Amino acid sequence: MTLSSARLSTNGAQEIVNISVNYVKPFFQLLRNELWQQGTVPTALSLPLFSCVQRFARQQTVWGLVSNSIVRNNVKTGDDNAMEAMGTTITHQRTAQKMQSVMVQIAEALEGRATADNNGQPPIPYAVFKGQAVAVLYPTPHCRTLGDIDIYFPKEHFQGGVERIEQRLGISVHREELDKHYDCELDDVRIELHYRVETFGSSRHQRYFDRMVDADICTPSPTRIDIGGVGVRTFSPMVHTLVVFKHLFNHFLVEGVGLRQFCDMAMLLHHYHDAMPADALQRHLRGMGYRRAFLATTMLLVKKLGMPEADSPLPLSEQRDTPWARRLLEEAAQRGNFGANDRHADETSRQKSLNTARVAMRHCLQYMPLAWWDILCLIPRRVGVTLRRHLRKNNDETA
């Protein structure tokens, strides 16, 4: 599997460069080495090559992983670039520590643990997903670039969870039912409080998925991960993998995703494939309507990110899955994380909304064979969300 071209942003301009012979090989060598802690890496990167690798890694939101691979393997890059790579790893570590502190405060509030200022309260069911909940699976967790903290509450516990966070942490939650979550900030860390994990086009698929995640979280013995020395609730391995996959593919269709999301999938499958019985996974994927999309995504992980094929819980087909995996990879390389390569600083909110809608329509038509019924139903739903966001932004700008 090769890449033909990708866009690198240089001083605001869009530049088409051939990446099949220039920086793609060292980039993927460094990324795979960080993911699996093995494999060859370049002994040195020239100044122009370092710059290309860095820019592409930033666009794919994996610069933290690539820079750590450079530092750990003592790749010669020149003094200034070596300091740049080292500085990135330190910055990522500080960010991770800050987000750990925020997550611990949230978990303690939701668990109802007593503090100096509050008596204990009954715990509220929740699940932290994506981000920190996946970063713990990486060989060097803090090198996985973090964004928001995502927390899901079952419907009957959502308002209680929101109120608990406001009361115990002394912050205000922004309540706007635009898509699937409210949001707030604590110590400059954005927190998304979800009343829905993911959006489907088909109401049948939506009901199946919602029942699956609620059944997974409302158990006497929830799955926990260690974040900052605290056992934080999350989804079970198979459900979490399906949640991360659906998030990846939904953003891929709407605006585009970077390789960070694919790396997350690789880490989940690598650690948890034995906890995913093939028959149960097949049943869930069919209930969600995304079986073919899951297989194509898994093939990309094997072909380009170096995930062992034995980590795939389902058998893959070279003839069926490789062409789609190649197209997914090309799209990620071209558009960057969340379609950042197609954004321009001087665009108005209306132009951004219309551009996102155009990209989403094109992607839905191109990749419909991978999840034809849900994508067909998703088109009007996503258009509606885009229009509501556009109207909200217009109102904000004219207020």
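The values are calculated or read from the model by the stated rules, or taken from the named source; none is laboratory data. Quantities reported herein were computed from a predicted structural model and do not represent experimental measurements. Because the Cβ atoms are built from the backbone with ideal geometry, glycine has one as well, and the counts that use them run over all protein chains shown. SASA here: full protein model, heavy atoms, side chains in, ligands and nucleic acids out. Shrake-Rupley method; radii C 1.70, N 1.55, O 1.52, S 1.80 Å.
Details
- Note, ³J(HN,Hα) from phi for region 203-217, Karplus 6.51, -1.76, 1.60, rounded to Hz, x at Gly and Pro: 5, 5, 5, 4, 5, 4, 5, 4, 5, 4, 6, 5, 5, 6, 8
- Extended-chain gain in nm, criterion 0.36 nm per residue less alpha-carbon gap, H271 and Q366: 31.0 nm
- Net +/- balance of residues flanking E309 in space, Cβ distance below 15 Å, scoring K and R +1, D and E -1: 0
- A simple spin-label model places pseudo-atoms 7 Å from Cα toward Cβ; at E331 and D148 they are separated by 2.2 nm.
- The fraction of accessible area contributed by carbon and sulfur in region 44-193 is 47 percent, rounded to a whole number (1.4 Å probe; ligands and nucleic acids excluded).
- Using C-alpha pairs below 8 Å separated by at least 6 residues, the relative contact order for region 169-217 is 22 percent.
- Derived scalar couplings between HN and Hα for region 133-142 equal 5, 9, 4, 4, 8, 6, x, 10, x, 5 Hz in order, rounded to whole Hz, by the Karplus curve 6.51 cos²θ - 1.76 cosθ + 1.60 (θ = phi - 60°), x for Gly and Pro.
- In Å², nearest 10: area of M361 left accessible to a 1.4 Å probe: 80 Å²
- Neighbours of L281 by Cβ distance under 14 Å: Lys/Arg scored +1, Asp/Glu scored -1, total +1.
- Legend: distances between Cα atoms for K98/K180; K98/K155; K76/K304; K25/K130; K155/K180; K25/K246; pairs beyond 20 Å are K98/K180; K98/K155; K76/K304; K25/K130; K25/K246.
- Accessible surface area normalised per residue over region 32-123 is 50 Å², counting heavy atoms of protein chains with a 1.4 Å rolling probe.
- Signed unit charges on C-beta, dipole axis of region 151-263, positive-most listed residue L193, M212, Q261: M212
- For E177, the accessible surface of its heavy atoms amounts to roughly 130 Å² (probe 1.4 Å, protein chains only, rounded to the nearest 10).
- Hz values of 3J(HN,Hα) by residue in region 254-259 - Karplus curve (6.51, -1.76, 1.60), Gly and Pro given as x: 7, 9, x, 10, x, 5
- Taking amide H atoms as placed 1.01 Å from N in the peptide plane, the amide H of H181 lies under 5 Å from those of Y195, each 5 or more residues away in sequence or on another chain.
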